[in-house]
Amino acid sequence: MPFFGRRDARRLPGDEPRSSGLSAEPPGWDGEPRGEPGIHGIPRARRWDAVVTGSAPGLEGDTAEFVALADDTLLTEGGSAEEAIRPLADAVRTALDAPFRAEARRQEGATWAVGASSIVVLEATGQVGSELELVVTREGRALHVDGRPSFDAAPAFEAAGEREGREYVVRARRLVGELWEVEATAL
């Protein structure tokens, strides 16, 4: 007899060959599309809080970025004129309260698509630099201003972080003067 043993080639009644249970199709697949992207992975974060279209006939170029403050002030980036952007900011205000940051792209002629996200604006006096990152953990506190370590006090940014929890990160960039766009997240 061979080492591993060998069964007799004869079959007994009711002893049909068994399927391995393996299939090229996934379980439950009936061949019809489901319309669902899948259940694995992490969904993408939403980029915009509002997307609108607006007409801005006086606006030059194909793209524009701006920030609208609660007091109706518009801060433009890239050299766009404030009055040329105002119709787009007004279109966003129908769907989203200021303050917000927006990006606009020309669609056709004077028609623009505008994506806007709410922002938090904080007034912080006496701060230097244009970008700030404050990290507070149980191990300590680290402040970076324009990418360099700093030991300065940052009470307004600490207060913004403390509203999120005991451990937090605060990222801020200067908008104009003493106004900062702030993002605070609990760790």
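A few comments on the model shown:
- When the residues of the range 60-91 are filtered to those that are of a type in the set (A, V, I, L, M) and free of Cβ contacts under 8 Å to residues at least 24 places away in the same chain, the one that is surrounded by the fewest Cβ atoms within 10 Å (Cβ to Cβ) is Ala81.
- Each residue in the range 136-151 was checked for being of a type in the set (Val, Ile, Thr) and either surrounded by fewer than 13 Cβ atoms within 10 Å (Cβ to Cβ) or under 19 Å from Arg174 (Cβ atoms) (or both), and 2 of them qualify.
- Residue-level check: of (1) touching a Ser or Thr at 6+ places or on another chain (Cβ under 7 Å); (2) exposed (fewer than 15 other Cβ atoms within 10 Å of the Cβ), Arg163 misses just (1).
- Any chance Thr94 is touching a residue at least 12 places away in the same chain (Cβ under 8 Å), under 25 Å from the mean Cα position of the chain (by Cα) and farther than 20 Å from Val170 by Cβ: yes
- If the condition is being loosely packed, with under 12 Cβ neighbours inside 10 Å and hydroxyl-bearing (Ser, Thr, Tyr), then the range 107-130 contributes only Thr125.
- The range 109-123, residues that are over 25 Å from the mean Cα position of the chain (by Cα) and on the phi < 0 side of the Ramachandran plot: Ala110, Thr111
- Top-ranked residue in the range 174-187 [being surrounded by 13 or more Cβ atoms within 10 Å (Cβ to Cβ) and not acidic (Asp, Glu); ranked as farthest from Glu77 (Cα to Cα)]: Leu187
- Candidates in the range 40-70 are the residues that are farther than 12 Å from Phe100 by Cα, assigned to a loop (DSSP other than H, G, I, E, B) and of a type in the set (A, V, I, L, M); of these, the one that is modelled with the lowest pLDDT is Ile42.
- Of the set (1) of a type in the set (Gly, Ala, Ser); (2) modelled with pLDDT under 95; (3) under 20 Å from the mean Cα position of the chain (by Cα), all apply to Gly147 but (3).
- Within the range 71-103, the set of residues being touching a Gly at 6+ places or on another chain (Cβ under 8 Å), aliphatic (A, V, I, L, M) and not in a helix (DSSP H, G or I) comprises Ala81, Ala102.
The values are calculated or read from the model by the stated rules, or taken from the named source; none is laboratory data. None of these values were measured; they are calculated from a predicted model. So basically every Cβ, Gly included, is an ideal-geometry build from the backbone, and we count neighbours across all protein chains shown.
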